[in-house]
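Have a look at the structure below before the remarks.
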Amino acid sequence: MTLRLGCIADDYTGASDLANTLQKNGLATVQTIGVPGPSLASSLGAAEAVVVSLKIRSVPAAEAVDKAQAAAAFLRQQGASHILYKICSTFDSTDAGNIGPVLDALAVEGRAVIVTPAFPETGRTVYHGHLFVNGVPLNESPLKDHPLNPMHDANLVRVLQRQTTSRVALANRDLFRKGCGALETALARLAGEGVRGVITDAIDETDLEIIGKAASSMPFSVGASGLGLGLARAMRADARATVDGAKGNGEALSACIAGSCSAATLRQIAAAETIMPVLRLDSAALVSGAPEVERALAFAREAMARGPVLIASSQGPEMVQAVQAQYGRDAAGQAIEHGMARIAAGLVDLGVRHLVVAGGETSGAAVDRLGIKAFRLGPEIAAGVPMMEAIGARHAGLLVALKSGNFGGETFFADALAVMRG
Ligand code: ADP
């Protein structure tokens, strides 16, 4: 196998979502945290797709461009024939960028670039260039009130045009109803007219397959996981072959940690309480520096010998507000993430080989603390949440599941551990 698809994701959870989609749709996928150093690059050998996770969605445009260019150079050097710049399926960005500036920097001279955030599976569709979120125009959806990037215009041709000095055009569905060839012809014509970004409609998976096929013969595209699905289906060598990926590996010391206070995670913790020992942390003690991490690790050391455990800082809204009122929202959040990350590292030091983490920021803090630089993707545990195996110098072989708060069904913790056992 050789690398075919190189992806650059503008944030970490978007990267995992894309990596999961690529693996599910037939490409053996590795997700890296940042651009890999030389030692890790040599262990990417078996990957057909690599997703480099960056955090550039809301940074100044010049910084986003520099980082995206470095990632693209790495991926091309590894042999990727196509680069996908992975953006949010709600086109999160401001008039200052960063979708337009990165598009301009990575586009190949004289070639038009397919741009589509469509991901019908999660209700994101693009029709006549307008983005709908669960059937509601973007500017009437909850995204109009996004704290960082409020979206007030559903017409993506206009939105993208405000972010770039090059010309933007539309490829609507009518144009490619006759198939991929018609789309390719239109893209070549638009490129000849000096157009660079082409907002491309997609309302279902058939559209994504047509677009993915057209994109796969081009050097660069911009999109969300939906375009990833189309590219993966166009690029997979054999539609029936099973993808080489991480697998469950039998009984092992297992632990779950939860820092998400979402309603879904609170229900999942309650369900876990019926089947494994659960330690609920004192969040104020975690923030004030009392020896709460040590208490958690002592609990785990004793209880893990008999089976999996769960350690949670998660609490309902009233308790969360009380801690935030006392210590400040950001300070409390960061201190608790830091404590949970120390617990994750302590658990792995105790010999844990199956680790489940609930909470997006909590997961990021744990992965950073563990120093893991890349994951090989494995089977999906719940929609959007894959099992992954750490690769590289630190903690190779550790199986992890990282989920953002609202993901997964009620029995998520048990489900994740079952997939890890295989
Ligand atoms: P989600 O994916 O649900 O958003 P995150 O881990 O991204 O979960 O965010 C949860 C935030 O809440 C983190 O900053 C975490 O440290 C913080 N947190 C966790 N437990 C508590 C608590 N008991 N009180 C206040 N904040 C908490």
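Some points to look at:
- Cα centre as origin, Lys/Arg/Asp/Glu Cβ charges: the range 5-235 dipole, Debye: 340 debye
- When the chain is treated as a GNM with alpha-carbon contacts under 10 Å, the residue of A232, A272, A290 showing the greatest mean-square fluctuation is A290.
- Out-of-range pairs (alpha-carbon distance over 18 Å; input K55/K144; K55/K86; K55/K373; K24/K67): K55/K144; K24/K67
- Shape call, the range 5-235: gyration tensor on alpha carbons, a/c limit 1.5: rounded
- Taking the Cα centre of the range 254-421 as origin and assigning +1 to Lys and Arg Cβ atoms and -1 to Asp and Glu Cβ atoms, the resulting dipole is close to 400 debye.
- Global form of the range 247-324, assessed from the alpha-carbon gyration tensor, a/c cut-off 1.5: oblate
- The GNM of the chain, with springs linking C-alpha atoms under 10 angstrom apart, assigns the highest mean-square fluctuation among V159, V65, V320 to V320.
- Here the simple spin-label model places points 7 Å from the Cα toward Cβ, and for A322 and E294 these points are separated by 2.5 nm.
- Cα gyration tensor shape for the range 163-258, rounded if a/c is under 1.5, else prolate or oblate: prolate
- Calculated mean residue ellipticity, 222 nm, the chain: -12000 deg cm²/dmol, from DSSP H runs (n ≥ 4) at -39500 (n - 2.57) each, averaged per residue and rounded to 500.
- Paramagnetic reach from N172 (point 7 Å along Cα→Cβ, amide N under 12 Å) across the range 114-154: 127-130
- Normalised by the number of residues in the chain, the mean separation of alpha-carbon contacts (under 8 Å, six or more apart) gives a relative contact order of 17 percent.
- Extension gain from A188 to A70, taking 0.36 nm per residue of separation minus the Cα-Cα distance: 39.7 nm
- Dipole of the chain, positive end: most advanced residue of I211, L399, L44 [Cβ charges, Cα centre]: L44
- Each residue in H395, H152 was given a count of other beta-carbon atoms within 10 angstrom of its own, and listing them fewest first yields H152, H395.
- Residue separation of A418 and R111 scaled by 0.36 nm, minus their Cα-Cα distance, works out to 105.8 nm of gained length.
- Residue order, fewest to most surrounding Cβ atoms within 10 angstrom, among M151, M388, M218: M218, M151, M388
- Cα centre as origin, Lys/Arg/Asp/Glu Cβ charges: the range 55-102 dipole, Debye: 200 debye
- Nearest-ten-degree value, helix 317-327 long axis tilted from longest Cα axis of the chain: 80 degrees
We did not get these values from a lab; they are worked out from the coordinates using the rules stated. Since the structure is predicted, the reported quantities are computational estimates derived from the model, not experimental observations. Here Cβ is always computed from backbone atoms with ideal geometry, including for glycine, and neighbour counts include all displayed protein chains.
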